[in-house]
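Values quoted throughout were computed directly from the atomic coordinates according to the rules given, and no laboratory measurement underlies them. What you see is a predicted model; the values in this text were computed from it and never measured. Note that we place each Cβ from the backbone using ideal geometry, even for glycine, and neighbour counts take in every protein chain shown.
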Amino acid sequence: MADITVGVVVFPGSNCDHDTEYAVANTKGFKPVMLWHNDHDLQGAKAILLPGGFSYGDYLRAGAIARFSPIMKEVIEFANKGFPVLGICNGFQVLLESGLLEGALSRNRDKKFLCCQTCIKTVNPSTIFTSLYRQDEVLRVPIAHGEGNYFAPTEVLNSLEEHNQIVFRYSDAEGLVTDETNPNGSLFNIAGIVNRQGNVLGLMPHPERASEKSLGSEDGRRMFESLYMHLAAL
């Protein structure tokens, strides 16, 4: 079986594009292809990853300008057809700005940029991105963001809960979810959500930076392997 092509979008200001490319390349069965923000060709990709960084310098607000880049027209159509799209950190911000996910992200609660290891609890292991995780499994994954404070109207939050769209919550190492374990002030300790159809996931932590032991954790590797298992079974 030929390797499955996975597209990694590169915006001006992306700084995790090659980290993400590396994680994809080191997932057996995957072949990464870099997609420039001005392009309209997804080059046969079966999944699209939006990496972290500071797309367009995060001018106006994080992800707001990237949402209008030419490649995002193709990504939105791709997602609306049911194909997998994963947004990491700034990629999550772009997904929210584009309307592929509900809610918004604002400045961290303490108004400081955070760059540290954190724990997240797996709330929904039944998505195409989390099938290799266990219910309530705690992952050790780094964060690096200044605008990771997730918020949404009450009706959206209740809908996310009702339809099991909250995928990860910030927790401690034992899986306890409290305000003290919430690094940025996100409502409901939300670290990652999926759309109602289950094919678009956005999260603030960086699984690509937790993909091998030399990085301090390999808990993020199974996110890419879960995606591969889904695509290989099609």
Can you give the % of DSSP beta bridges in segment 4-232 that are antiparallel, to the nearest 5?
60
Pull up all non-local amide H partners of THR118: gap of 5 or more, or a different chain, and H-to-H distance under 5 Å with H placed in the peptide plane.
VAL141, ILE143
Using Cβ counts within 10 Å as a stand-in for footprinting exposure, how do ARG107, ARG196 rank, fewest first?
ARG196, ARG107
Can you list which of the GluC sites (Glu not before Pro) found in segment 124-196 are DSSP loop residues with at most 12 other C-beta atoms within 10 Å?
GLU174
Top mean-square fluctuation among GLY146, GLY44, GLY202, Gaussian network model of the chain, C-alpha springs under 10 Å?
GLY44
Given DSSP loops and a limit of at most 16 other Cβ atoms within 10 Å, what is the longest stretch of the chain that contains no such chymotrypsin sites (Phe, Trp or Tyr not before Pro)?
114-234
Using only the alpha-carbon atoms of segment 81-153, report the extent along each of the three principal axes, biggest first, to the nearest angstrom.
34, 31, 21
Choice from ALA45, ALA191, ALA152 with maximal GNM fluctuation in the chain (Cα, 10 Å cutoff):
ALA152
Read phi for every residue in segment 125-132 and hand back ³J(HN,Hα) as whole Hz from Karplus 6.51 cos²θ - 1.76 cosθ + 1.60, θ = phi - 60°, with x for Gly and Pro.
x, 9, 7, 5, 9, 10, 5, 8
Restraint check, LYS28/LYS111; LYS73/LYS213; LYS46/LYS213; LYS31/LYS81; LYS81/LYS111; LYS28/LYS73, Cα-Cα greater than 32 Å
LYS28/LYS111; LYS73/LYS213; LYS81/LYS111
Treat the count of other C-beta atoms within 10 Å as a stand-in for reagent exposure and order SER55, SER131 from fewest to most.
SER131, SER55
For a test of the definition: using alpha carbon positions, the gyration tensor, and the 1.5 limit on a/c, classify the chain as rounded, prolate or oblate.
rounded
